[in-house]
Amino acid sequence: MTTLYAHRGASRMCPENTMAAFRQAVREKADGIELDVQLSKDHKAVVIHDEAVDRTTNGTGEVKDLTLAELKSLDAGSWQNAACKEETIPTLEEVLAWIKGTDMKLNVELKTDVYPYEGIEQIVLEQLDRYGLKERTVISSFNPETLKRVRQLDGTIRLAVLVWDETKGMVKLAQKLKAEAIHAKKDFMFTKEAVKAAQAGIPIRLYTINDLSELDGISLSSIEGIFTDEPAKLRKELAAM
Ligand code: G3P
Ligand code: CA
């Protein structure tokens, strides 16, 4: 069984990283959602992909320079769909309060690739704990230092190493961190590191796959999960196999 995570929510149908996209992921029968977390100027965990608000809202500026109140005043939906003009940048807490009432899995990506967002690891862990969601959450990051800090703070939380282009050493890192999985692009599957991951029994989840034909040359049995913008489409394609 391939686990389907809705990438930034069901982000083909609805504006990414909004409550509309997360609710849509349930309707599209995803197994879980993936979302991106950064910190506002007043250190609140907010769900947004880019470091700047410009692409996905009607505002301008960096997330780290805007207070939660300022971020919340922005329209985070119209840029993709005029019908979604009421959507705002969710706080992580808003998503946790909602997901608790569902059976969805959760992948929280800590977006510390550009700014370190000091304290983000503790803030996120505390919130997951408060909502009783630690067991169904996997925390991922492209930043190894962030993952190390999460592991130092919590010896059992589920972690995934996020891989961009540099694949070397990723299995060792995953082992050192006691990570449960590696999240990578499909090209990873054709590297030596993928062989090492299989030998080490570390599952691989691939991002971002919007059509199963993109997996040409990759056996579905060699991956544990897929991140997709279009869960309903992938669900249908998987069922037809
Ligand atoms: O976690 C997989 C994927 O979300 C990583 O890339 O840029 O979409 O956050 P990005
Ligand atoms: Ca992400």
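Just so it is clear, none of the values below were taken in a lab; they were calculated from the coordinates. Nothing here was measured: the structure is a model prediction, and the numbers come from that model. Positions of Cβ are backbone-derived with ideal geometry, glycine not excepted, and every protein chain shown enters the neighbour counts.
Looking at the range 64-74, is at least one residue surrounded by 15 or more Cβ atoms within 10 Å (Cβ to Cβ) and within 15 Å of the chain's Cα centre (by Cα)?
The answer is no; no qualifying residue exists.
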When every residue in the range 7-60 that is hydroxyl-bearing (Ser, Thr, Tyr) and either surrounded by fewer than 22 Cβ atoms within 10 Å (Cβ to Cβ) or touching a residue at least 60 places away in the same chain (Cβ under 8 Å) (or both) is compared, the one nearest to ligand 2 (Cβ to nearest atom) is SER11
Screening VAL150, VAL124, VAL108, VAL114 for residues that are within 16 Å of ligand 2 (Cβ to nearest atom), among the aliphatic types (A, V, I, L, M), part of a helix (DSSP H, G or I) and over 15 Å from ALA174 (Cα atoms) leaves only VAL124
The condition of being within 16 Å of ligand 1 (Cβ to nearest atom) and either of a type in the set (Lys, Arg) or in contact with a Cys (Cβ under 8 Å, 6 or more places away or on another chain) (or both) holds, among LYS185, LYS172, only for LYS185
